[in-house]
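Undergrad: Take this structure first; my questions come after.
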Amino acid sequence: MSRFFLIAIIMLLNTLILCKYIYPVKISENGRYLMDQKGTPFLYVADTAWFIFDRLSEEEYDFYLDDRMSKGFTVIQVMAPWEKNRFNYYGELPFDEYGNLATPNEKWWKHVDTFVEKAAKRGIMVNIVPLWLGYWGTQWFEILPKNDLKTCFEFGQFLGNRFKNYKNVIFTIGGDHDPQDRFKYLNQIALGIKSMIPDRVITAHTWENKIATDCYKEASWLDLNAVYTYYPEWNHNFHVYVLALKAYNYVPTKPFILIESGYENASIPGITTVKPYHIRREIYWAMLCGATGFAYGNSDIWQFSLRWKEALNDPGVFCVKHAVDLFKKIQWWRLIPDQFHEFLIDGYGTFNYRNCPDGDDYVTAAFTKDRKFFIAYIPHTKMKEKRILTIDTRKFSCSTVKMMWFDPTTGHFLEKEVINTGKIIKIQTPGKNSEGNNDWILIMEGT
């Protein structure tokens, strides 16, 4: 076999691997998860790269995307544009006239096209926030009303027309602020997008401590719900599991994602710093409460600080990779949250309904409808190195289950054993994981 023929085969195989998902994504029939055009469940695993167009060159897009693809990310979340008057890497502004949506600068937007194209070649979806309202209302929230509703609709059409041939694009409306009286403008932008590409999924980003339907309940275009929260020590936020279950139980049913939570290494001086175990509990709390995916954030990556390349390999991102590897092995889209403690009847810790400290130890769990599979995430807690879980195995529909532990810090399984069902049992967690903390994942599967 010639060297060139071998290279051609390798390139073909790589193309097949990268094109696993057939975009655009759509909503499953039961309204619980995203899937591709073939009906393959789509696990939304996003990296938060908000400032990428401000800080990186097109050549650096390749370096960044190659890294994220290798770690299992399926989505990149970007702001395009986040600021009404912010230059990109090339010194270009998004609009020719300050804050005027009717004057998009073609040169600026071409770089967005390039990024989307490069992501598409790697099989990665791009979630674009067209106009970031702003945490303190100082970005587009401030200037948006200077555009009339017709201009907003036409800007939405501009976006829809521009990205109609890029099947790997979805959109997020809002951005770190509740819409308030700006809803009518945002609504027209979203409707403009839908008028051009009605098959594209749209979600929304609110002020923290909320889910999208808290502010956009009446929006006809809101396909995908979104959770945005950190934890009580962070500005009195709710724990992820509180808002995730709120989104899961929302009527009518909508799939939801954890669109933003703690950024690795971010800190409130003297109070709290986001560590890898925070990243892990965000992921597993969301997924075991019924999410179709989650977003990871790093304080040096979202704003592309001087150490952003080094930060690509911070410990938390490998927790993401291990989570992706685990969910590839199980039918995560079939999971039903064990929110009423049918299987896990004791030892699950404290469910903290409030936004004041407590509830770090709460165990989220889920099972499949056929009752042949059960999974639980036991978060890190300083209270006890080992914890006792009480499981009602009578809830299984099978006579035996294989029990195993998954170390979320390494991606390794251990202590597999077969257990007879039909009784209530107590299980002790293994103790310290490879990181030296004590969070674990328990899996029980019918044999």
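Undergrad: Can you tally the net charge around PRO145? Count Lys and Arg as +1, Asp and Glu as -1, for every other residue whose Cβ sits under 11 Å from the Cβ of PRO145.
TA: 0
Undergrad: Just going by the charge dipole of the chain, with Lys and Arg at +1 and Asp and Glu at -1 on Cβ, which of VAL240, PHE42, THR368 is farthest out on the positive end?
TA: Farthest towards the positive pole: THR368.
Undergrad: Under a crude label model (7 Å from the Cα following the beta-carbon direction), how far is ARG371 from GLU92 in nanometres?
TA: Taking the two extended label points, one gets 6.0 nm.
Undergrad: Please find, in a Gaussian network model of the chain (springs between Cα atoms separated by less than 10 Å), the residue of ALA204, ALA119, ALA102 whose mean-square fluctuation is greatest.
TA: Most flexible of the set in this elastic network: ALA102.
Undergrad: Averaged per residue, what accessible surface does region 249-358 expose to a 1.4 Å probe, in Å²?
TA: For region 249-358, the solvent-accessible area averages 39 Å² per residue.
Undergrad: Can you compute the helix-only [θ] at 222 nm over the chain? Use -39500 (n - 2.57) per DSSP H run of at least 4 residues, normalise by all residues, nearest 500 deg cm²/dmol.
TA: My calculation for the chain gives -8500 deg cm²/dmol from helical runs alone.
Undergrad: Next question, about the same structure. Would you tell me the accessible area of THR410, worked out with a 1.4 angstrom probe on the heavy atoms of the protein chains, in Å² to the nearest 10?
TA: In the full protein context, THR410 sits at about 40 Å².
Undergrad: Which entry is the computed percent of Cα pairs over 35 Å apart for this structure: (1) 40; (2) 30; (3) 35?
TA: This structure yields the entry labelled (2).
Undergrad: Ratio to report: Rg/Rh of region 257-402, with Cα atoms as the point set and Rh obtained by the Kirkwood method; give two decimals.
TA: 1.00
Undergrad: Select from ASN187, ASN209, ASN313 the residue whose mean-square fluctuation is largest in a Gaussian network model of the chain (Cα-Cα springs shorter than 10 Å).
TA: Judging by the Gaussian network model, the answer is ASN313.
Undergrad: Using only Cα atoms, locate the centre of region 66-138 and the centre of region 233-282, then give the distance between them in Å, rounded to an integer.
TA: If we compute the Cα centre of each part, the gap is 24 Å.
Undergrad: Does region 247-338 classify as rounded, prolate or oblate by the C-alpha gyration tensor (a ≥ b ≥ c root eigenvalues; a/c under 1.5 gives rounded; else a/b over b/c gives prolate, otherwise oblate)?
TA: prolate
Undergrad: Moving on to the next point. I want the local charge near THR393. Using Cβ-Cβ distances under 14 Å, sum +1 for each Lys or Arg and -1 for each Asp or Glu among the other residues.
TA: Around THR393, the surrounding residues sum to +1.
Undergrad: A further question follows. Given the Cα-Cα distance of THR447 and ASP66 and 0.36 nm per residue of separation, how much length would full extension add, in nm?
TA: 133.3 nm
Undergrad: Give me the extension gain from ILE345 to HIS412: residue separation times 0.36 nm, minus the current Cα-Cα distance, reported in nm with one decimal.
TA: Residue separation times 0.36 nm, minus the Cα-Cα distance, leaves 21.5 nm.
Undergrad: How far apart, in nm, are the 7 Å Cα→Cβ label points at LYS328 and PHE183?
TA: So the label points at LYS328 and PHE183 sit 4.2 nm apart.
Undergrad: Above 20 angstrom, tally the Cα pairs of region 92-223 and express them as a % of all pairs, no decimals.
TA: That tail contains 43 percent of the Cα-Cα pairs.
Undergrad: How much net charge surrounds ARG162 when only other residues with a Cβ under 14 Å from its Cβ are counted (Lys, Arg +1; Asp, Glu -1)?
TA: +1
Undergrad: For region 71-159, with every protein chain kept in place, what is the accessible area per residue (1.4 Å probe, Å²)?
TA: Accessible area per residue: 38 Å².
Undergrad: So, one more: Per-residue accessible area for CYS356 at 1.4 Å probe radius, Å² rounded to 10?
TA: 40 Å²
Undergrad: A follow-up question, please. For the chain, list the DSSP H helices whose alpha carbon atoms reach 15 Å or more along the long axis and whose average Kyte-Doolittle value is -0.5 or above?
TA: 3-18, 149-162, 183-196, 315-329
Undergrad: May I pose another question? What chymotrypsin sites (Phe, Trp or Tyr not before Pro) in region 329-402 are in a loop by DSSP, with at most 15 other Cβ atoms within 10 Å of the Cβ?
TA: Hits after loop and neighbour filter: PHE340, TYR353.
Undergrad: With the Cα gyration tensor of region 198-293 giving a ≥ b ≥ c as the square roots of its eigenvalues, does the rule (a/c under 1.5 for rounded; else a/b larger than b/c for prolate; else oblate) give rounded, prolate or oblate?
TA: prolate
Undergrad: Could I ask something else about it? Carbon-plus-sulfur fraction of the accessible area of region 37-126, 1.4 Å probe, in percent?
TA: It is 48 percent, rounded to a whole number.
Undergrad: In debye, nearest 20: dipole of region 328-447 around its Cα centre with unit charges on the Cβ of K, R (+) and D, E (-)?
TA: 360 debye
Undergrad: Where a ≥ b ≥ c are the square roots of the eigenvalues of the C-alpha gyration tensor, would you call region 299-379 rounded, which needs a/c under 1.5, or, failing that, prolate if a/b is larger than b/c, or oblate?
TA: oblate
Undergrad: With a 1.4 Å probe and all protein chains left in place, how much accessible area per residue does region 372-447 have, in Å²?
TA: Ligands and nucleic acids excluded, the result is 47 Å² per residue.
Undergrad: Of THR172, THR74, THR138, which is the most mobile in a GNM of the chain whose springs link Cα atoms less than 10 angstrom apart?
TA: Result for the chain, Cα springs under 10 Å: THR138 fluctuates most.
Undergrad: With +1 on each Lys and Arg Cβ and -1 on each Asp and Glu Cβ, and nothing else charged, work out how big the dipole of region 358-421 is about its Cα centre, in Debye to the nearest 20.
TA: 300 debye
Undergrad: Right, something else. On a straight-distance basis, which lysines could pair with LYS254 in a cross-link, Cα separation under 21 angstrom, same-chain partners fewer than 8 positions away excluded?
TA: Cα-Cα hits under 21 Å: LYS26, LYS38, LYS194, LYS210, LYS217, LYS246, LYS369.
The values are calculated or read from the model by the stated rules, or taken from the named source; none is laboratory data. Owing to the predicted nature of the structure, the values given are computational and were not obtained by experimental measurement. Don't worry about glycine lacking a Cβ; one is built from the backbone with ideal geometry, like all the others, and counts go over all protein chains shown. When the accessible area is computed, the model is the full protein with side chains, heavy atoms only, and any ligands, DNA or RNA have been set aside. Shrake-Rupley method; radii C 1.70, N 1.55, O 1.52, S 1.80 Å.
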